[in-house]
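The values are calculated or read from the model by the stated rules, or taken from the named source; none is laboratory data. Since we're looking at a predicted model, the values are computed, not measured. Note that each Cβ is placed from the backbone with ideal geometry, even for glycine, and that neighbours are counted across all protein chains shown.
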Amino acid sequence: MQDKYNHTDVERAAHSHWTAIDAYRVTEDAGKKKFYACSMLPYPSGKLHMGHVRNYTINDMLTRYLRMNGYNVLMPMGWDAFGLPAENAALKNGVPPAKWTYENIAYMKKQMQAMGLAIDWSREVATCDPDYYKWNQWLFLKMLEKGIAYRKTQVVNWDPVDQTVLANEQVIDGKGWRTGAVVEKREIPGYYLKITDYAEELLQFVTDDNMPGWPERVKLMQENWIGKSEGVRFAFTHDIRGEDGTLIGGGRMYVFTTRADTIMGVTFCAVAPEHPLATHAARGNAKLAAFIEECKKGGTTEAELALKEKEGLPTGLFVTHPLTGESVEVWVGNYVLMSYGDGAVMGVPAHDERDFAFALKYGLEIKQVVLVDGETYDYHRWQDWYGDKQRGVTINSDSFSGMSYKDAVGAVAHALEQKGLGERKTTWRLRDWGVSRQRYWGTPIPIIHCEEHGAVPVPEKDLPVVLPQDCIPDGSGNPLHKHEGFHAGVTCPVCGKAARRETDTMDTFVDSSWYFMRYCDPKNADAMVAGGADYWMPMDQYIGGIEHAILHLLYARFWTKVMRDLGLVKVDEPFTKLLTQGMVLNHIYSRRTDKGGKEYFWPHDVEHVLDEGGKIVGAKLKNAVGDLPVGTPIDYEGVGTMSKSKNNGVDPQDLIEKYGADTARLYTMFTAPPEATLEWNDAAVEGSYRFLRRVWNFGVKLAGIDKDAALASVAGASSLKDVQFGKDAKALRLEIHTVLKQVDYDYQRMQYNTVVSGAMKMINALEDFKQHADAGAQVALIEGFGILLRVLYPATPHIAHGLWSTLGYAGTLGDLLDTPWPQVDPSALVQDEIELMLQVNGKLRGSIHVPAQADKAEIERLALASEDFQKFAAGAAPKKVIVVPGRLVNVVV
């Protein structure tokens, strides 16, 4: 055994052992309790970051702990390999996205293996593999058959220079991120999935306590995104006719509102820039036409529009209020989405904050129609009570005055129904999922376009439609348009005539919506999922970042329900428990350059400037950087998420090479609970490494003693009953088993930071133990260190494996991989004697040791006979003795 801890040798030996025995291959076993633990699959961007290290170590600790507790545990891994970053890298480097992606996968896989993760690599999937995305295509066709998938036109961002569709995040100030060209809004056909058909069920499961293993804030985020609203849909009538002489919209402009109680306060209406009334009005109004074109340069999502300043122009058109008969002016508003409801809203400035600001900006009438007792309305300043539904009572509303919110809504809805102009309706914020992407690096949509038969599904026998891997995007649009091999020989499945392939690819959220199912049956060429999914699903523990709390999780839930309804799986929800781990943070340092840009500095080049109280108030360079000398003042921006762009990331590979994977794992687990953010601290990393050296050094001491007899005793619980433990050995066992009891509880609740704290208490107790030659002391020592190694093993498997094997534990207790988790020995928690604090006249004067079962009289006798009492009583007679059981004795003299 090496005298000094050499992490490189220790970790290399452990990896060789695990590889030789194929340690982490998992098969279905009906005789064992199953547990499926999975981390969200990473995008293969090139290198792991510390967030990955933390995420996967959490999963790994859970996996190893449960395996030692007899579970059949699956921990798989794959790659979310399609997507825009690969295309951007191809543009930058002139290489096919496939080459860039597979090289990154190979490197990141090597890093994961270096971390010692208990991953079953036989189940590895990459979403860019045709064997995987074949099933994206297959299920898409099944959804098409069922009407869950359908085709319609969609509004997209179009870069006229690159001739391509841009994602919303690629539009900066209305211009393309790469070309700077003014982005156009275009309507093009695309495919959608009817997630709205599942809205009620998706909402029910997050609101009816059906998912107790999910964080409440994640469930609330999903609830808000689904956005169920109950209200009234009604029409403003008009006689506006189009160029063909017919009434636009049949003479009705529909709106939806949850505040029908305020209908008498309508002073204007606003329509989306794409609304037919807006288009009609713009034909003879150049200013309005220009405004509408400007609106089309903005975002296409509700979230984006919410952040924009609300702007509008009058159309010169008027509609008729359905209850009063008054004329209501129609405006075009940049905040109205054509894709939401009917693309029009009623404006009630007095009781809607957005409308209030709009009315003040453009001098529109504000008409109060709701009163809250004791409040005074101010027409120049918004107050929150203006929108209060609970306390409000209608006023200035003719026959509807004096009503509560609920009564007024009912009465207004009834009146509109009687006129044939409205009805109660439930709407949803959730929109059908548009899965068409006008980009190359993704799953080809399995459609063939025929001049005679239109969009025709690819026959199942011809799946997968394979994406060419030799394309290099050049910024001139989707390279699939020009790829002869992709289109060569394509004929219509219906008539056999020459046709062309669909060149749109699927949204990459499709890939990540079911990959966890494929892990269960990764090599099945004949079915999307099979018996493996029946065994493993639902997933018992899902781990990932809070940034995926809405879309990814919502789409995965939807996809699971579709698979269930198609008879592929038997579960309603995919994930039983969800843990959203905290971010890894580090200090950020920067300075403004002469040109006004920002230059960031690595933490290792910087030292803090502190005030008198030790608070960081600035920073300066401790190393020369470029032309900047040592001592140059720079800005301290506080802590933030690790990022390559801000030079505050820590490369896990550097950390592993310097300190070892076990140190990296231990540090990320010890520093903060899994759900909390972790602020990077180099000194704490050093501390984790020093702790592992202490563990190794203690193992070196044990290597020099004869352990065979002690190991034999430890190997069987019945053998321990025959061991005679002395006072010190009992004290050691008490400490070890007391800590073990807490550690086991912490493992069960995944509070891994306190698990590491417990391991530190154990090594302290072992180091403080005064070794004796008697057999009981040897057994207590060997037992205690064996418990420590098993407690540490899920967090630091390499060093635990090395010491376990070298010191002979493996020979008697078996390979650490499957050694049973240590059990608390109740007899070790039974104390022969206890320590009580001794007070004289209420002041602490020492302590006494008494038999654990001593009665009050015996405790009094021992207290009065103790040296400490004799010393501080100074011969005074005791007047009263107060015993607080288990805590103290107070002698009054």
Task: Some residue of segment 622-645 being surrounded by 13 or more Cβ atoms within 10 Å (Cβ to Cβ) and assigned to a helix (DSSP H, G or I) - done: yes
TODO: Considering each residue of segment 124-141, count those that are part of a helix (DSSP H, G or I) and closer than 25 Å to residue 12 by Cβ, and give that number.
DONE: 0
Open item on the list: I'd like the full set of residues that are surrounded by fewer than 17 Cβ atoms within 10 Å (Cβ to Cβ) and either over 17 Å from residue 70 (Cβ atoms) or not polar (S, T, N, Q) (or both), limited to segment 811-823.
Closed with: 811, 814, 815, 818, 820
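Being part of a helix (DSSP H, G or I), at pLDDT 95 or above and more than 22 Å from the chain's Cα centre (by Cα), is that true of even one residue in segment 534-553?
yes
Does residue 287 fit the bill of being modelled with pLDDT under 95 and farther than 25 Å from residue 542 by Cα?
So residue 287 does not fit the description; no.
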Open item on the list: Condition first: in contact (Cβ under 8 Å) with a residue 24 or more places away in the chain, surrounded by 22 or more Cβ atoms within 10 Å (Cβ to Cβ) and closer than 30 Å to residue 700 by Cα. Can you find one or more residues in segment 79-102 that meet it?
Closed with: no
Open item on the list: Tell me whether segment 108-119 contains one or more residues that are farther than 19 Å from residue 665 by Cα and either outside any helix (DSSP H, G or I) or over 21 Å from the mean Cα position of the chain (by Cα) (or both).
Closed with: no
- [ ] Among the residues of segment 373-403, write down those that are in contact with a strand residue (DSSP E or B) (Cβ under 8 Å, 6 or more places away or on another chain) and in contact (Cβ under 8 Å) with a residue 60 or more places away in the chain.
- [x] 392, 394, 400, 403
Task: All positions within segment 238-255 that are in contact with a Ser or Thr (Cβ under 7 Å, 6 or more places away or on another chain) and assigned to a helix (DSSP H, G or I) - done: 251
TODO: Taking the options 257, 267, name whichever one is out of contact with any Phe, Trp or Tyr (no Cβ under 9 Å at 6 or more places or on another chain) and among the β-branched types (Val, Ile, Thr).
DONE: 267
Task: Options 328, 255, 336: the member that is within 45 Å of the chain's Cα centre (by Cα) and modelled with pLDDT of 95 or more - done: 255
Open item on the list: Tell me the residue from 556, 499, 549 that is closer than 24 Å to residue 442 by Cβ, buried (at least 17 other Cβ atoms within 10 Å of the Cβ) and in the same structural domain as residue 441 (by TED's automatic domain parsing), please.
Closed with: 499
- [ ] Mind counting the residues in segment 481-520 that are over 25 Å from the mean Cα position of the chain (by Cα) and farther than 20 Å from residue 189 by Cα?
- [x] 14
Task: Candidates 723, 685, 700, 714, filtered to the one that is hydrophobic (A, V, I, L, M, F, W, C) and under 39 Å from the mean Cα position of the chain (by Cα) - done: 685
Task: Residues (within 21 Å of residue 74 (Cα to Cα) and either buried (at least 22 other Cβ atoms within 10 Å of the Cβ) or in contact with a helix residue (DSSP H, G or I) (Cβ under 7 Å, 6 or more places away or on another chain) (or both)) located in segment 44-56 - done: 53, 54, 55, 56
TODO: Have a look at 700, 714 and point out the one that is surrounded by fewer than 20 Cβ atoms within 10 Å (Cβ to Cβ) and closer than 29 Å to residue 807 by Cβ.
DONE: 700
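For every residue, the table says whether it meets (1) in contact with a His (Cβ under 9 Å, 6 or more places away or on another chain); (2) free of Cβ contacts under 8 Å to residues at least 60 places away in the same chain.
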{"site": "790", "(1), (2)": "no, no"}
{"site": "800", "(1), (2)": "no, yes"}
{"site": "811", "(1), (2)": "no, no"}
{"site": "819", "(1), (2)": "no, no"}
{"site": "834", "(1), (2)": "yes, yes"}
{"site": "844", "(1), (2)": "no, yes"}
{"site": "851", "(1), (2)": "no, yes"}
Open item on the list: Take the conditions within 26 Å of the chain's Cα centre (by Cα) and not assigned by TED's automatic domain parsing to the domain that holds residue 92 and apply them to residue 588. Does it pass?
Closed with: yes
Open item on the list: Based on this model, can you work out whether residue 657 counts as outside the structural domain of residue 761 (by TED's automatic domain parsing) and either out of contact with any Leu (no Cβ under 6 Å at 6 or more places or on another chain) or at pLDDT 95 or above (or both)?
Closed with: yes
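Working only within segment 497-531, note down all residues that are in a loop (DSSP other than H, G, I, E, B), of a type in the set (A, V, I, L, M, F, W, C) and touching a Gly at 6+ places or on another chain (Cβ under 9 Å).
510, 520
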- [ ] Could you grab me the full set of residues in segment 866-883 that are assigned to a strand (DSSP E or B) and closer than 14 Å to residue 843 by Cβ?
- [x] 882
Open item on the list: So for segment 721-737 (the condition being buried (at least 16 other Cβ atoms within 10 Å of the Cβ) and either free of Cβ contacts under 8 Å to residues at least 24 places away in the same chain or not assigned by TED's automatic domain parsing to the domain that holds residue 810 (or both)), does at least one residue qualify?
Closed with: yes
Task: segment 10-28, subset among the charged types (D, E, K, R) and surrounded by fewer than 11 Cβ atoms within 10 Å (Cβ to Cβ), residue nearest to the chain's Cα centre (by Cα) - done: 25
TODO: Among the helices (runs of 4 or more DSSP H) lying completely within segment 1-101, list those that include at least 2 residues that are more than 30 Å from residue 133 (Cβ to Cβ) and modelled with pLDDT of 95 or more.
DONE: 7-20, 50-68
- [ ] Kindly check whether there is at least one residue in segment 112-123 that is surrounded by fewer than 20 Cβ atoms within 10 Å (Cβ to Cβ) and at positive phi.
- [x] no
TODO: Please report, ordered by residue number, the strands (runs of 3 or more DSSP E) entirely within segment 565-620 with at least 1 residues that are basic (Lys, Arg) and surrounded by fewer than 17 Cβ atoms within 10 Å (Cβ to Cβ).
DONE: 584-592, 598-601
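Out of the residues in segment 444-476 that are small (Gly, Ala, Ser) and surrounded by fewer than 14 Cβ atoms within 10 Å (Cβ to Cβ), which is nearest to residue 133 (Cα to Cα)?
454
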- [ ] Under 6 Å between Cβ atoms, at least 6 apart or on separate chains: pull out the pairs that start in segment 236-262 with a residue that is over 15 Å from residue 320 (Cβ atoms) and end on any residue that is among the β-branched types (Val, Ile, Thr) and assigned to a loop (DSSP other than H, G, I, E, B).
- [x] 262/348; 262/369
Open item on the list: Can you list the helices (runs of 4 or more DSSP H) lying wholly within segment 710-790 that have 1 or more residues being in contact with a strand residue (DSSP E or B) (Cβ under 9 Å, 6 or more places away or on another chain)?
Closed with: 727-748
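With segment 163-237 as the region, which strands (runs of 3 or more DSSP E) entirely inside it contain at least 2 residues that are modelled with pLDDT under 90?
Ranges flagged: 164-166, 184-193.
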